[in-house]
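Trainee: I am attaching a structure below and will ask some questions about it afterwards.
The values are calculated or read from the model by the stated rules, or taken from the named source; none is laboratory data. Here the structure is a predicted model, which means the values were calculated and not measured. Cβ placement follows ideal geometry from the backbone for every residue including glycine, while neighbour counts extend to all protein chains displayed.
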Amino acid sequence: MEFVTAGESHGPALTAIVSGMPAGVSIDIDAINRDLARRQGGYGRGGRQKIEHDTAQILSGVRFSQTLGTPITLQVVNDDFANWTDRMATNGEAPDDLKRETCPRPGHADLVGMLKIATDDARDILERSSARETAARVAAGGIAKALLAELGVEVYSYVRRIGTVELPKNAQIGRAAIEASECRCPDEETTQAMKALIDNARADGESLGGEFVVVADGLVPGLGSYASGPDRLTSRLGAAAFSIPAIKGVEFGLGFEAARRPGSLVHDSIYYDEACGFTRSGNNAGGLEGGMTNGEPLVMTCAMKPIPTMMQPLDTVDTDTLMPVKASKERSDVCAVPAAAVVAEAEVAFVLADAYLEKFGADVIDDIIAARDAYRERIAL
């Protein structure tokens, strides 16, 4: 199971094509659109979110809300294209008064992309490298979430840190509290502190990064593989997370904290109970051992750098004149950590859905569920 996206930030639309989806899975377009709305939300988002009203349209692969086992095409229209028809036209010649982007932003793909494809206009790069593309990923991820729901798996996320403000380690992680928070943080006091920090950053022309956690509940043990590096679920999840713009670090369970502890305070002891089967003393491993799920909740933490577009731009070089200038300013967010968490849900869901199909078959959902149930009976779950 895989997906590919197409489209530019200010082009007519964003498109995702999902292939390898089994037949018979129920698709709730409203659930996909709720995820798209969650991606657009979050305190610190910029003016673009006031223009776009993201909704997905399914163009193929689904009939009467059931998957057909054929490629699924989803489209999210860019409302802002109406303001960019002259600068982002797919046909014809560039207008004589076209303003090129020649002041690449530090930390963005602008300059390296210009060098890579031999263009004198950074817009050829930034239109695709923009995080706007992740709307199509969230739409595609909604298809993967639908498959996981049939298998009793749920994926959710919350924000652990924005800048210097961090969620207390003993905080309760309630789903309702997460969704009620403008920062996707389950603690109200921490949410307010995060909002104040974002307000200060906005006033200073700055941007902020942070950390978010993605959790998957209901997984069977044994998804992934110990046999080869690329097949390890840690490898696949890490690659998926790092594909999200601005993600600079990924941890599972204790993550880097495990490097500071002795082994006895890192590894989870194993027990057996006739009613529950194999259990563990905790979940320091984050639900993964040897590149495979171990039956505990999957817990992945991602670190996101501050957005490289700032209202107080950094120094750069004009690629036409090679003279020092200030970097260009695109309409942008102050903080997009809550939005990135929703994108990461989609990426994690896709990796897990693919792992289920790899283990239990991929033709029709009823057969997959039957194979999953037989496996659980064999391992006494």
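Trainee: For the stretch 267-290, which positions are more than 20 Å from the chain's Cα centre (by Cα) and surrounded by 20 or more Cβ atoms within 10 Å (Cβ to Cβ)?
Mentor: 285, 289
Trainee: When the residues of the stretch 59-76 are narrowed to those that are β-branched (Val, Ile, Thr) and either surrounded by fewer than 20 Cβ atoms within 10 Å (Cβ to Cβ) or free of Cβ contacts under 8 Å to residues at least 24 places away in the same chain (or both), which ends up nearest to residue 30 (Cα to Cα)?
Mentor: Among residues in the stretch 59-76 that are β-branched (Val, Ile, Thr) and either surrounded by fewer than 20 Cβ atoms within 10 Å (Cβ to Cβ) or free of Cβ contacts under 8 Å to residues at least 24 places away in the same chain (or both), the one nearest to residue 30 (Cα to Cα) is 73.
Trainee: Pick from 364, 325: which is out of contact with any Asp or Glu (no Cβ under 7 Å at 6 or more places or on another chain) and over 26 Å from residue 227 (Cα atoms)?
Mentor: Within the list 364, 325, the selection yields 364.
Trainee: Can you confirm whether residue 300 is of a type outside the set (Gly, Ala, Ser), assigned to a strand (DSSP E or B) and surrounded by 17 or more Cβ atoms within 10 Å (Cβ to Cβ)?
Mentor: Spelling it out, residue 300 is indeed of a type outside the set (Gly, Ala, Ser), assigned to a strand (DSSP E or B) and surrounded by 17 or more Cβ atoms within 10 Å (Cβ to Cβ).
Trainee: Between 257, 251, which is under 28 Å from residue 44 (Cα atoms) and either in contact with a Ser or Thr (Cβ under 9 Å, 6 or more places away or on another chain) or surrounded by fewer than 20 Cβ atoms within 10 Å (Cβ to Cβ) (or both)?
Mentor: Step by step, each of 257, 251 is checked, and only 251 is under 28 Å from residue 44 (Cα atoms) and either in contact with a Ser or Thr (Cβ under 9 Å, 6 or more places away or on another chain) or surrounded by fewer than 20 Cβ atoms within 10 Å (Cβ to Cβ) (or both).
Trainee: Within the stretch 322-334, identify whether any single residue is part of a loop (DSSP other than H, G, I, E, B), in contact (Cβ under 8 Å) with a residue 40 or more places away in the chain and closer than 30 Å to residue 169 by Cα, and answer yes or no.
Mentor: Scanning the stretch 322-334, I find at least one residue that is part of a loop (DSSP other than H, G, I, E, B), in contact (Cβ under 8 Å) with a residue 40 or more places away in the chain and closer than 30 Å to residue 169 by Cα, so the answer is yes.
Trainee: Something else about it: When you scan the stretch 219-228, do you find a residue that is of a type in the set (Ser, Thr, Tyr), in a loop (DSSP other than H, G, I, E, B) and surrounded by 19 or more Cβ atoms within 10 Å (Cβ to Cβ), even just one?
Mentor: There is at least one residue in the stretch 219-228 that is of a type in the set (Ser, Thr, Tyr), in a loop (DSSP other than H, G, I, E, B) and surrounded by 19 or more Cβ atoms within 10 Å (Cβ to Cβ).
Trainee: Now for a different question. Name the single residue that is farthest from the chain's Cα centre (by Cα) among those in the stretch 183-205 being modelled with pLDDT of 95 or more and part of a loop (DSSP other than H, G, I, E, B).
Mentor: For the stretch 183-205, the residue satisfying everything is 187.
Trainee: Right, here's the next one. Restricting attention to the stretch 353-368, and to residues there that are more than 25 Å from the chain's Cα centre (by Cα) and among the acidic types (Asp, Glu), which single residue is surrounded by the most Cβ atoms within 10 Å (Cβ to Cβ)?
Mentor: 367
Trainee: Please determine, by comparing only the residues of the stretch 303-321 that are in a loop (DSSP other than H, G, I, E, B) and among the hydrophobic types (A, V, I, L, M, F, W, C), which one is surrounded by the fewest Cβ atoms within 10 Å (Cβ to Cβ).
Mentor: Among them, the one singled out is 314.
Trainee: Name every residue in the stretch 135-166 that is β-branched (Val, Ile, Thr) and under 25 Å from residue 24 (Cβ atoms), in order of residue number.
Mentor: The answer is 138, 143, 153, 155.
Trainee: Still on this structure: Name the residue that is surrounded by the most Cβ atoms within 10 Å (Cβ to Cβ), counting only residues in the stretch 116-154 that are more than 23 Å from residue 240 (Cα to Cα) and without any contact (Cβ under 8 Å) to a residue 60 or more places away in the chain.
Mentor: 123
Trainee: Sticking with this structure for a sec: Suppose we filter the stretch 27-50 for residues that are surrounded by fewer than 14 Cβ atoms within 10 Å (Cβ to Cβ) and over 14 Å from residue 139 (Cα atoms); how many remain?
Mentor: 2
Trainee: When you go through (1) under 21 Å from residue 291 (Cβ atoms); (2) in contact (Cβ under 8 Å) with a residue 40 or more places away in the chain; (3) of a type in the set (S, T, N, Q) one by one for residue 157, which number turns out not to apply?
Mentor: Result: residue 157 fails condition (1) only.
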